[in-house]
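To start, the structure under review is shown below, and the notes come after it.
The values are calculated or read from the model by the stated rules, or taken from the named source; none is laboratory data. A quick note: this is a predicted structure, and the numbers were derived from the prediction, not measured. When we count neighbours, we look across all protein chains shown, and the Cβ atoms used for this are built from the backbone with ideal geometry, even at glycine.
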Amino acid sequence: MCRNIRTLHNFEPAATDDEVRAAALQFVRKVSGSTSPSQANEQAFAHAVDEVARITEELLASLVTAAPPKDREVEAAKARARSQKRFAA
């Protein structure tokens with residue numbers, strides 16, 4: 001999985017539209033192999049981002065879990081600790 005795509009399910013507060021769109025953009029960039037499309041592909045690229053964002057919202061709305069929601073700040077602190085440990089050498 002692309003490292004820039006973050007887990008969006010089961011957080012309190014729920015993922016924002018901007019977070020979903022950023023994940024969709026990263027996914028389309030990864031799949032297409034392009035960070036910015038040519039003018040000829042710009043419309044297809046934008047359409048793909050819109051569709052991936054739409055279906056991601058639909059997926060997140062339909063997922064169920066018995067686990068308590070994760071706290072964004074706690075998860076961010078864990079990620080920083082992992083990163084610091086990984087790159088400390």
Original post:
Residues of the stretch 1-58 being in a loop (DSSP other than H, G, I, E, B) and touching a helix residue (DSSP H, G or I) at 6+ places or on another chain (Cβ under 7 Å), which ones?
Top reply: C2, N4, I5, R6, L8, H9, A15, T35, P37
**OP:** Quick one: Q26 ticks every box in (1) surrounded by fewer than 10 Cβ atoms within 10 Å (Cβ to Cβ); (2) in contact with a Cys (Cβ under 7 Å, 6 or more places away or on another chain) except a single one, so which number is it?
**Re:** (1)
Original post:
Can we say E73 is of a type in the set (D, E) and modelled with pLDDT of 90 or more?
Top reply: no
Subject >> the stretch 36-58: number of residues that are in contact with an Asp or Glu (Cβ under 9 Å, 6 or more places away or on another chain) and surrounded by 12 or more Cβ atoms within 10 Å (Cβ to Cβ) >> reply: 2
Subject >> Residues satisfying the stated conditions in the stretch 59-79, i.e. surrounded by 10 or more Cβ atoms within 10 Å (Cβ to Cβ) and either free of Cβ contacts under 8 Å to residues at least 12 places away in the same chain or assigned to a helix (DSSP H, G or I) (or both) >> reply: L59, L60, R72, E75, A76, A77, K78, A79
